[in-house]
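Novice: My questions will all concern the structure given below.
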Amino acid sequence: MNGSSKTEIEKDYSVHKENPGPAPEALEEKGDKGSGKFLFWILVVMVIILIMAWIFF
């Protein structure tokens, strides 16, 4: 292997035996992109349009 990864392979496993969980940054990451709200409203509009098309056509 030529080390193509940007992170080093962990070699000292005994350091993490007391706290084997994920890093705090992974758990406290902010979802500041806002794509969830956008997708929610797109789906709501699509469902309403499809229901209207089903009823009237």
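Novice: Checking the a/c ratio against 1.5 first, then a/b against b/c, what shape does the Cα gyration tensor give for the chain?
Specialist: Judged from the Cα gyration tensor, the chain comes out prolate (a/c at least 1.5, a/b above b/c).
Novice: Within segment 21-49, find all residues whose amide N lies under 18 Å from a label point positioned 7 Å from the Cα of PHE57 along Cα-to-beta-carbon.
Specialist: Flagged as within label range: 45-49.
Just so you know, all these numbers are worked out from the coordinates, no wet-lab data involved. Bear in mind the structure is a predicted one, so any value in this text is a computation, not a measurement. With ideal geometry, Cβ positions are generated from the backbone for all residues, glycine too; neighbour counts draw on all protein chains shown.
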